[in-house]
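Let me begin by presenting the structure, written as structure tokens, before commenting on it.
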Amino acid sequence: MKPLSNKLNGIPASMTLAVNDKAKAMQRAGLDVIALAGGDPDFDTPAHIVEAAVSAIQNGHTHYPAPMVGLPQTVEAIAHKMRTENNIPIDDPRRQIIVTPGGKWGLYLALAAITNPGDEILILEPYWVSYPSMVTLTGGTPVPVSLPSEDNFRITADRLRAKLTPRTKAIMVNNPCNPTGRVLTLAERDAIVEVAQEADLYVIADEIYEKLVFDGRSHLSSPPPPAWPSAPSRSTASPNRMP
């Protein structure tokens, strides 16, 4: 039998799913286990969402949408949310927004759109386990930027600059962060913007946890468009993904 893709053979199994599968198996065996690996809530989908999904299927909304980027009302709702909650200017929703079947797929599409073989993508460490695999699958090279725990995993411009090379293409930012739970400070956000402008980098902002902020602070979208006029063309955001 001919070998599989070299890319596939070079991608390790997801540790998140492996730990989650083990926890589920232990639960089935009758052990009292609290599974913390997957980002799966302990409640079912709310009834009004279930009813809306069933109603859409019953009413024939089972075909390709027009336009293909997503249903117009969905795209407009996302644009409104981005403008009012994230302060991100959306002037042409049909050209600036693509609805995907999950945020993980959205992150992969963003990487695929900008990454050429040999391009380096900076990943803030500690990071969500799927980031390096996604970068590798798109032909890029993941470059971890170590954020020391003794400094509360703080992002600085110097730590980012230390990892820059002529091949650096983008920075991936998870805010709030999985797994640390940290929320970017204004100084950290400005450091990302500063380095991205200096090195002409894209910023891929994974903000799935933007509503999970409990200390009274508001979520800071990254990067901040008011301070970065070129942000709409330089950055992509995925506010929702699956583990």
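The values are calculated or read from the model by the stated rules, or taken from the named source; none is laboratory data. Model, not experiment: these values are computed from the prediction. Positions of Cβ are backbone-derived with ideal geometry, glycine not excepted, and every protein chain shown enters the neighbour counts.
Odds and ends about this structure:
- Just one residue in the set Glu125, Glu120 is within 19 Å of Pro179 (Cα to Cα) and charged (D, E, K, R); that residue is Glu125.
- Hits in the range 95-115 - residues which are assigned to a loop (DSSP other than H, G, I, E, B) and more than 10 Å from Val135 (Cα to Cα): Ile97, Ile98, Val99, Thr100, Pro101, Gly102
- Selection from the range 12-51 of residues that are surrounded by 14 or more Cβ atoms within 10 Å (Cβ to Cβ), of a type outside the set (S, T, N, Q) and within 22 Å of the chain's Cα centre (by Cα): Leu17, Val19, Ala37, Gly38, Gly39
- Subset of the range 30-61 (residues that are over 27 Å from Val129 (Cα atoms) and either outside any helix (DSSP H, G or I) or of a type in the set (Val, Ile, Thr) (or both)): Gly30, Pro46, Ile49, Val50, Val54, Ile57, Asn59, Gly60, His61
- Output for the range 136-170, where each listed residue is farther than 21 Å from Thr180 by Cα, of a type in the set (A, V, I, L, M) and at pLDDT 95 or above: Ala162, Leu164, Ala170
- Test: residue in the range 130-148 that is in the same structural domain as Pro117 (by TED's automatic domain parsing), among the small types (Gly, Ala, Ser) and under 15 Å from Pro12 (Cβ atoms): yes
- Hits in the range 72-103 - residues which are polar (S, T, N, Q) and either within 17 Å of Ser221 (Cα to Cα) or modelled with pLDDT under 90 (or both): Thr84, Asn86, Asn87, Gln96
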